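One structure below.
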Amino acid sequence: MQCPCKSGFEYTECCEPLIKRKKEASTPLELMRSRYSAFVLGEVGYLIYSDTHSSEADKEELLAFSKGVEWIGLSIVEANENVVEFKAYYNIGGKTELLHEKSRFIQVEDKWKYDTGELFHSKIERNISCPCGSGKKFKKCCLR
Ligand SMILES: [Zn+2]
Ligand SMILES: [Zn+2]
């Protein structure tokens, strides 16, 4: 299957080795993409593993969010040494929501981890090409 992070690669060659912890993310961008895929796939254990502030106590809440929404796609706005700005789109209750976040990552014992995020209240652009990757306009595809 195509990787949920919309990289265009197969899941097995993209985010799966990270989610299954066969290897560590080499950049914050890789980690961010794999965390998005983990949200799509409900891989809550990995979400907790890759986040400095999450613990087993957050499992139910993470799983409810992960499974409670219909994920559309991810677009990366900007990525540098320790910051990734992204837009993740999903449908919930028949409406499209945009999660626009600038995430900060830190290294803990040589492993990249999600640290904090700054949220932006951005409007959804209806005329962009659909984040699902169909090539259609958002408003004519997954936008609700
Ligand atoms: Zn991926
Ligand atoms: Zn679409």
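Read the figures in this text as sums done on the coordinates, not as results from a lab. Everything quoted here is computed from the prediction, not taken from an experiment. Neighbour counts are summed over all protein chains in view; Cβ atoms, including those assigned to glycine, are modelled from backbone coordinates with ideal geometry.
Okay, which of segment 64-96 sit inside 14 Å, backbone N to the point 7 Å along the Cα-Cβ direction of Lys102? Once the point is set 7 Å along Cα→Cβ of Lys102, 77-87 turn out to lie under 14 Å by backbone N, inside segment 64-96.
Of the GluC sites (Glu not before Pro) found in segment 60-144, the ones in coil according to DSSP and having at most 13 other Cβ atoms within 10 Å of their Cβ are Glu81, Glu109, Glu125. For Lys137 and Asn91, the difference between the fully extended length at 0.36 nm per residue and the C-alpha to C-alpha distance is 15.0 nm.
When the trypsin sites (Lys or Arg not before Pro) in segment 26-124 are filtered for DSSP coil states and for at most 15 other beta-carbon atoms within 10 Å of their beta-carbon, the remaining sites are Lys123. Work out how much length Asn82 to Leu63 would gain on full extension: take 0.36 nm times their residue separation and subtract the Cα-Cα distance, in nm to one decimal. Length gained, Asn82 through Leu63: 4.2 nm. One compactness figure for the chain is 1.01, namely its Cα radius of gyration divided by 2.2 N^0.38 Å.
Count Lys and Arg as plus one, Asp and Glu as minus one, and take only other residues whose Cβ is under 9 Å from that of Glu16; the net charge is then 0. Remark: for residue pairs Lys6/Lys95; Lys113/Lys136; Lys6/Lys87; Lys113/Lys137; Lys87/Lys139; Lys87/Lys137, the C-alpha separation exceeds 24 Å in Lys113/Lys136; Lys113/Lys137.
Summary value for segment 11-140: 19 percent relative contact order, contacts being C-alpha pairs under 8 angstrom separated by 6+ residues.
Spacing of the modelled spin labels on Glu70 and Lys123, each 7 Å from Cα toward Cβ, amounts to 2.5 nm.
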